[in-house]
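J.: Next up is a structure, given as structure tokens.
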Amino acid sequence: VLKQASHSVDPVVTGVITDKAEIEKILDSLLDFGDDSRFFELFQKLCRHIYHQYPDVAVEYVNIFRMMFDSEEKE
């Protein structure tokens, strides 16, 4: 699954995928495994990459991640 996720992120980072909806799908799939540090690294890499093109998407998904996973740490 990690290899598949990595293969989804790489085309965005290399500029092959630039469609906002497609990037959001990839981010959604990474959130499914957000409690795994390896997936978190891919999530971070993708958010940092898209920030200049789609800052609203990057910020939205970082906030979603925080709501989903930061609250678990507090419990």
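J.: Which value in deg cm²/dmol, rounded to the nearest 500, describes the helix-derived mean residue ellipticity at 222 nm for the chain, given -39,500 (n - 2.57) per DSSP H run of n ≥ 4 and division by the residue count? Let's see the in-between values first.
T.: Details: 5 runs with 53 residues, N = 75.
So the calculated ellipticity at 222 nm is -21000 deg cm²/dmol.
J.: Counting pairwise Cα distances across the stretch 11-72, what percent come out greater than 15 angstrom? Each step should come with its number before you reach the end.
T.: On the way: 834 of 1891 pairs.
Distances greater than 15 Å cover 44 percent of the Cα pairs.
J.: Here's another thing I want to ask about it. Rounded to the nearest percent, how much of the accessible area of the chain (1.4 Å probe, protein heavy atoms only) is carbon and sulfur? Present the calculation step by step, with values, prior to reporting the outcome.
T.: Details: 2560 of 4990 Å².
In the chain, the share of accessible area belonging to carbon and sulfur is 51 percent.
J.: In degrees, nearest 10, range 0 to 90: what is the angle between the Cα axis of helix 55-65 and the longest Cα principal axis of the chain?
T.: On a 0 to 90 degree scale, this one is about 30.
J.: Considering only protein heavy atoms, what per residue accessible area in square angstrom results for the chain with a 1.4 angstrom probe?
T.: About 67 Å² of surface per residue is accessible.
J.: Roughly how tilted is helix 2-13, in degrees to the nearest 10 and between 0 and 90, from the longest Cα axis of the chain?
T.: Relative to the chain, helix 2-13 is tipped by roughly 50 degrees.
J.: Which is farthest toward the positive dipole end of the stretch 1-43 among 29, 39, 14, measuring Cα position about the Cα centre, with Cβ charges +1 (Lys, Arg) and -1 (Asp, Glu)?
T.: It is 14.
The values are calculated or read from the model by the stated rules, or taken from the named source; none is laboratory data. Computed from a predicted structure; not experimentally measured. Virtual Cβ from ideal backbone geometry, glycine too; neighbours counted across all protein chains shown. When the accessible area is computed, the model is the full protein with side chains, heavy atoms only, and any ligands, DNA or RNA have been set aside. Shrake-Rupley method; radii C 1.70, N 1.55, O 1.52, S 1.80 Å.
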